[in-house]
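These notes concern the structure reproduced below.
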Amino acid sequence: MHRYIPHTQEEINEMLKEIGVNSIEDLYVSVPKTIEDYNLENGKDEFSVKKELLSLNKKNKVFEPENIFAGAGIYFHYIPSVVETLANNQRFVTAYTPYQAEVSQGTLQALFEYQTMMCELTAMEVANSSMYDGATALAEAMLMAARINGKSKMLIASSINPEYLQTSKTYCTPQNIEIQKIKWTENGTLDVNDLKNKIDDNTSAVVVGYPNFFGIIEDLKSIKETLPENVIFIVVSEPISLSILEAPGKLGADIVVGEGQALGITPNFGGPGIGFFTTLQKFVRKMPGRIIGETKDIEGKKGYVMILQTREQHIRRAKATSNICSNHALMALINAIYMSAMGPKGLKKVAKMSYNASHYLAKKLEEKGYHLIFNGPFFNEFLFNAGENYYEKWKKMSENGILGPLPLGKSMPFFKNVALACCTEVNTKESIDNLLKHF
Amino acid sequence: MTIFEISKPNRIGFELPENNIEDFELNIPEHLIRKEQPNLPQVSELDIVRHYTNLAAKNYAVDVGFYPLGSCTMKYNPKINEKIANFEGFSMIHPFQPHETTQGALKLMFELKEMLCEITGMEDMTLIPSAGAHGELTGMLIARAYHLSKGDTKRTKAIVPDSAHGTNPASARMAGFEVIEIKSGPDGRVDLEELNKALDENVAVLMLTNPNTLGLFEKDILKISEMVHEKGALLYYDGANLNALLGRTRPGDMGFDIVHLNLHKTFSTPHGMGGPGSGPVGVKKHLAKFLPIPEVIKEDDKYKLNYNKPDSIGFIRSYYGNFSVLVKAYAYIKTMGNDGLKKVGQMAILNANYLRKKVEKIMDIAYPGFCMHEFVSTCEKFTKETGVKALDIAKRLLDYGVHAPTMYFPLIVHEDFMIEPTETESKDSLDKFAEILAKIFDEARENPDFVKNAPYNTPVKRLDDVLASRKPVFKFDFGK
């Protein structure tokens with residue numbers, strides 16, 4: 001028959017007999033037959049499929065991680081072997097949403113621990129068990145803010161990841177939620193005066209990146225101080241940076257979201273990563289997504305279940321806080337295993353090494369006469385003026401095995417010949433010196 | 001025990017290589033420097049290995065046994081697909097590498113899009129949505145954009161049958177529609193009169209799952225399509241149950257304008273404890289310009305990403321979708337091919353009908369007659385007689401080493417199971433399930449309390465959901 005379909009002809013005959021029909025055709029009551037065949041090849045054995053995909057895979061260039069200086073939301077970090085081995089356990093991979101909690105304690109406890117770790121990193125009170133990515137996490141955070149205070153104007157820093165901004169617009173428009181952009185200063189930080197001018201009675205939330213898309217560390221404290229009490233403060237963060245940056249929860253954030261790919265997930269051409277989503281307990285009933293909580297079984301033994309499900313689509317339908325059902329739970333597991341392996345010290349070291357590498361690169365570029373666009377404090381990414389025809393130069397570098405700082409001019413015309421450089425702990429002094437030869 | 005309780009100060013699980021770079025002092029304002037380190041675990045590598053291996057052992061999974069969760073299509077997840085998705089050329093590439101260096105990935109996406117168009121009978125497709133519900137939102141935003149592009153601003157309503165998945169009304173509302181729910185007819189299908197009453201010039205779209213969540217084919221689909229289109233509305237196909245139609249018919253042939261798929265259902269990519277999945281959206285030609293940004297295109301044998309789509313609904317997430325899930329679905333379609341995919345639909349239907357025949361002897365079938373890939377059974381009468389609920393039966397099933405079916409859904413049936421065996425289960429495993437189910441009903445008759453307190457053989461006994469939501473504990477308490 002087929003290696004994934006176990007039926008023998010004999011069994012098929014017995015089954016048809018039990019059902020009381022002569023052929024499978026008889027089961028298709030009033031289902032029109034509109035196709036004889038698909039315009040597809042016939043199936044193949046696994047070795048042929050593997051060969052075909054190996055050849056496709058070879059048409060993609062894999063850069064040595066130390067020669068990669070591109071970030072913009074997707075980062076190359078060292079991933080301990082235990083992450084891949086443990087997350088590939090098929091009892092995780094081939095399970096579904098933990099609808100039957102008693103036989104899903106592995107999933108539930110791992111997600112509960114993940115939530116705890118995200119709360120620790122952000123200093124927030126509640127985390128959900130994942131969203132699709134950073135962009136949709138932000139979009140849903142805005143919808144949540146509007147649910148909390150019933151207002152419909154979002155003020156968002158122009159320095160946010162542009163794809164996050166665009167995604168938020170897509171989500172907000174049908175809800176008649178308006179998005180206004182706030183300027184940046186010459187430091188690359190949010191222009192607090194522009195913010196003050198634009199805040200009004202209809203302002204629902206203020207959104208900033210921490211660090212922002214340009215790598216700049218926003219002063220959350222001073223931004224928070226300008227906000228009226230009922231305006232929701234949404235911070236889009238990068239989890240690795242939070243081991244050296246003060247936690248947003250300590251600086252007045254109401255919702256902290258972001259992309260968690262950096263925590264042990266391979267880049268995967270951009271997906272799947274994971275959206276993390278944290279908030280304060282007082283807002284939890286307005287929160288989207290699945291939440292895992294601790295409880296007891298009938299004998300008093302500790303266990304875990306999905307909680308506050310009355311927020312969710314399968315119960316509340318059109319009135320749910322979100323339509324999200326399948327999430328990125330397996331990626332949350334990867335995040336948790338990675339954070340367990342790194343521990344607080346390892347994670348801090350990753351952050352500091354990334355900080356050092358990017359500051360070394362920035363210093364050397366400046367020595368060569370290149371100018372950084374902003375002079376504000378940055379974490380592991382920064383913008384610099386890369387000179388005429390940088391795009392062509394960048395492509396040339398890729399032929400020499402270097403994925404150089406990303407040229408922004410194509411998608412952001414006002415940043416013509418500006419590049420976004422990124423370093424992490426995988427970049428060595430030698431690889432950076434080698435990159436510098438191209439400048 | 002949680003990983004936080006295993007943790008010991010200064011224990012480490014990983015070491016980093018040196019990068020020979022000087023140490024820079026933090027040039028960050030003092031109040032933005034972290035003072036207190038997060039309470040992350042401090043554990044050895046073996047601690048981590050044992051912790052997560054022991055957690056995994058507490059999970060039920062497709063690889064462990066029968067998982068007949070209705071509308072979730074818990075079919076076998078081929079191992080070769082996992083291996084391929086982990087090839088470095090797929091997993092270790094950055095989304096913003098030059099196009100010239102990702103031709104393999106773009107080609108894979110382009111071809112997957114074409115293959116899925118062929119399988120669904122649609123004319124264009126986006127692979128970006130991350131899950132079924134994300135696909136629904138995308139599809140509904142396309143419906144919205146379509147009507148608005150014609151200057152038609154009064155189409156504010158979306159019709160959804162009462163048997164629909166909860167995501168349908170939730171997605172419709174997120175796309176800005178008012179949701180009109182219509183009652184199913186006595187045969188469990190769309191009631192044409194109800195539909196006719198609800199259809200007016202303010203309706204933008206009808207969302208349908210076909211076969212529906214009762215496992216029944218909407219036999220009047222061509223008539224429904226005609227009615228919907230006559231009123232200027234669009235017809236949306238929820239692809240949760242596409243498995244049943246493989247090799248027989250295609251949503252595009254039935255008149256659907258927009259289709260979302262669940263690659264983690266029909267196309268065998270694993271469910272991963274709840275995700276990541278992937279929810280591509282296919283459309284007919286007249287809607288192609290509204291598909292989200294970016295699209296993969298082919299020009300002179302080169303593959304590119306096109307961001308220049310002025311009529312598009314815009315970005316629906318970052319980058320290009322859940323690429324590694326796409327790789328797995330691509331490998332699956334290559335493996336099954338035309339001949340294999342045709343068998344999938346047939347065997348899924350054979351299995352469901354065979355199991356229905358077996359279960360019929362134990363429980364009532366909600367809507368008698370042949371079913372498609374799944375069916376709904378109910379023990380409402382039995383519950384009234386014995387006090388034993390479908391929930392109790394479900395919990396007792398866990399004791400016998402099978403996963404319970406979907407329960408209490410669709411909402412129009414009570415004390416019910418929605419059972420979907422999928423094509424990858426053998427006759428033996430279906431026979432065994434029916435045997436176990438019969439045994440449990442016997443137990444419930446003899447000793448209702450025994451079944452009401454199930455399960456007994458699971459890592460924990462029945463858990464208190466009510467307490468969990470009344471006094472929620474969201475995270476581990478470090479005792480601070």
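Check the straight Cα-Cα distances from A:Lys395 and name the aspartates and glutamates below 14 Å, setting aside those fewer than 8 residues away within the same chain.
Partners found: B:Glu100.
Round to a whole angstrom and tell me the spacing of the C-alpha centers of segment B:443-457 and segment A:344-371.
Comparing the Cα centres of segment B:443-457 and segment A:344-371, I get a distance of 63 Å.
Which pairs, out of A:Lys51/B:Lys298; B:Lys183/B:Lys342; A:Lys153/B:Lys475; B:Lys113/B:Lys342; B:Lys183/B:Lys389, put more than 21 Å between their alpha-carbon atoms? Can you show the working numbers first?
Numbers: A:Lys51/B:Lys298 23 Å; B:Lys183/B:Lys342 33 Å; A:Lys153/B:Lys475 32 Å; B:Lys113/B:Lys342 19 Å; B:Lys183/B:Lys389 25 Å.
Distance filter (> 21 Å) returns A:Lys51/B:Lys298; B:Lys183/B:Lys342; A:Lys153/B:Lys475; B:Lys183/B:Lys389.
Can you tell me what percent of all Cα-Cα pairs in segment A:1-71 are more than 17 Å apart? Numbers along the way, then the final one.
Details: 1792 of 2485 pairs.
Considering segment A:1-71, 72 percent of its Cα-Cα pairs are separated by more than 17 Å.
If the cut-off is 13 Å between C-alpha atoms, which aspartates and glutamates fall inside it for B:Lys439, apart from same-chain ones fewer than 8 positions away?
The qualifying aspartates and glutamates are B:Asp399, B:Asp431.
Taking amide H positions as placed in the peptide plane 1.01 Å from N, state which residues far from A:Gly264 in sequence (5 or more) or on other chains have amide H under 5 Å from it.
The list, which skips near neighbours in sequence, is empty: none.
Could you pull out the pairs from A:Lys250/B:Lys35; A:Lys221/B:Lys35; B:Lys75/B:Lys395; A:Lys61/A:Lys352 whose alpha carbons sit more than 18 Å apart here? Walk me through the numbers before you get to the answer.
Details: A:Lys250/B:Lys35 10 Å; A:Lys221/B:Lys35 15 Å; B:Lys75/B:Lys395 22 Å; A:Lys61/A:Lys352 29 Å.
From the list (A:Lys250/B:Lys35; A:Lys221/B:Lys35; B:Lys75/B:Lys395; A:Lys61/A:Lys352), the Cα-Cα distance tops 18 Å for B:Lys75/B:Lys395; A:Lys61/A:Lys352.
Counting residues in segment B:80-335 as N, plug N into 2.2 N^0.38 Å and put the Cα Rg over that result.
Compactness ratio reported: 1.00.
Work out from phi, with θ = phi - 60° and the Karplus expression 6.51 cos²θ - 1.76 cosθ + 1.60, the ³J(HN,Hα) of each residue of segment A:224-233, listed in order in whole Hz, and give x for Gly and Pro.
For segment A:224-233, the Karplus curve yields 4, 5, 8, 8, x, 4, 8, 7, 7, 9 Hz.
Over chain A, what relative contact order in percent results from Cα pairs under 8 Å that are six or more residues apart?
21 percent
Going through segment A:17-107, which trypsin sites (Lys or Arg not before Pro) have at most 15 other Cβ atoms within 10 Å and a DSSP loop state?
A:Lys33
May I ask you to list the chymotrypsin sites (Phe, Trp or Tyr not before Pro) in segment B:1-32 that are in a DSSP loop and have at most 16 other Cβ atoms within 10 Å of their Cβ?
Answer in residue order: B:Phe24.
Write out the trypsin sites (Lys or Arg not before Pro) in segment A:354-394 meeting two conditions: DSSP loop, and at most 14 other Cβ atoms within 10 Å of their Cβ.
Working: sites: A:Lys363, A:Lys364, A:Lys368, A:Lys393; in loops: A:Lys368.
Passing both the DSSP loop test and the Cβ count: A:Lys368.
What number, in percent, do you get for the relative contact order of segment A:81-337 if the mean sequence gap of Cα pairs under 8 Å and at least 6 apart is divided by its residue count? Mind showing how you got there, number by number?
Details: 514 pairs, mean separation 70.4, N = 257.
Value for segment A:81-337: 27 percent.
For the residues B:His229, A:His359, A:His328, what sequence is obtained by ranking on other C-beta atoms within 10 Å, fewest first?
On the way: B:His229 14, A:His359 22, A:His328 33.
The fewest-first ordering by Cβ neighbours comes to B:His229, A:His359, A:His328.
Counting other beta carbons within 10 Å of each Cβ, put A:Arg316, B:Arg356 in order, fewest first.
In increasing order of surrounding Cβ atoms, one gets A:Arg316, B:Arg356.
At 222 nm, what helix-only mean residue ellipticity would chain B give, in deg cm²/dmol to the nearest 500, using -39500 (n - 2.57) for each DSSP H run of four or more?
Values: 15 runs with 174 residues, N = 480.
For chain B, the value works out to -11000 deg cm²/dmol.
Which value, in nm² and rounded to one decimal, describes the direction-averaged projected area of the C-alpha convex hull of chain B?
Values: hull surface 115.2 nm².
Seen from a random direction, the Cα hull of chain B projects 28.8 nm² on average.
Take B:Asp449, B:Asp464 and order them by how many other Cβ atoms sit within 10 Å, fewest up front.
Numbers: B:Asp449 10, B:Asp464 16.
Ordered from fewest to most neighbouring Cβ atoms within 10 Å, B:Asp449, B:Asp464 come out as B:Asp449, B:Asp464.
When DSSP assigns beta bridges and you keep just the ones with both residues in chain A, what percent turn out antiparallel, to the nearest 5?
55 percent
How large is the convex hull of the Cα atoms of the protein assembly as shown per residue, expressed in Å³ as a whole number? If you can, show how the numbers build up before the last one.
Values: hull volume 139.5 nm³, N = 919.
Value for the protein assembly as shown: 152 Å³ per residue.
No lab work stands behind these numbers, since they all come straight from the coordinates. Computed from a predicted structure; not experimentally measured. Cβ coordinates were reconstructed from backbone atoms using ideal geometry, including for glycine residues, and neighbour counts include every protein chain displayed.
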